[in-house]
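In what follows, a structure is listed as structure tokens, so that the remarks can point back to it.
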Amino acid sequence: MRQSAFFALPAVILLSACSGGETTQCTAAPQSAWHDEARFRQTLVDQGYQINQFKVTEGNCYEIYGFDPDQTKVEIYFNPVNGSIVKREEG
């Protein structure tokens, strides 16, 4: 009995760590209403962002990892319809 509890504990910890994350939701609009991905990325570069990674998230966001114009390391979620920042994390 004690041995089965020993093996069950890591599984519980792993499941709670995986299920704790919330998906950032940016829009429910169809992709036909979104800004073109390549143009959006280029606009950010023109504004001074350095983009190390750019992706579309499960929550319908454009997400970047890189540096903002002030050279601060950032992770930013953008609404792909209007370009607004939905969530920003630094560091």
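Quick rundown of the values:
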read-out: Overall form of the range 48-91 per C-alpha gyration tensor (a/c, 1.5; a/b vs b/c); value: prolate
read-out: Sequence of Glu63, Glu58 once ranked by neighbouring C-beta atoms within 10 Å, starting from the fewest; value: Glu58, Glu63
read-out: Placed amide H near Val86: partners under 5 Å, 5+ positions off or other chain; value: Tyr77, Phe78, Asn79
read-out: J(HN,Hα) series, the range 37-51, from Karplus relation 6.51 cos²θ - 1.76 cosθ + 1.60, nearest Hz, glycine and proline x; value: 4, 5, 5, 4, 4, 5, 4, 5, 4, 4, 7, x, 6, 10, 9
read-out: Rounded to whole Hz, the Karplus (6.51, -1.76, 1.60) HN-Hα couplings of the range 76-91, x for glycine and proline; value: 10, 9, 10, 6, x, 8, 10, x, 6, 7, 8, 8, 9, 10, 10, x
read-out: Lys, Arg +1 and Asp, Glu -1 on Cβ, resulting dipole of the range 25-90 about Cα centre, debye, nearest 20; value: 100 debye
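Computed from the coordinates by the stated procedures, all read-outs in this text should not be read as laboratory data. Values in this document were obtained by computation on a predicted structure and should not be read as measured data. We place every Cβ from the backbone using ideal geometry, glycine too, and count neighbours over all the protein chains shown.
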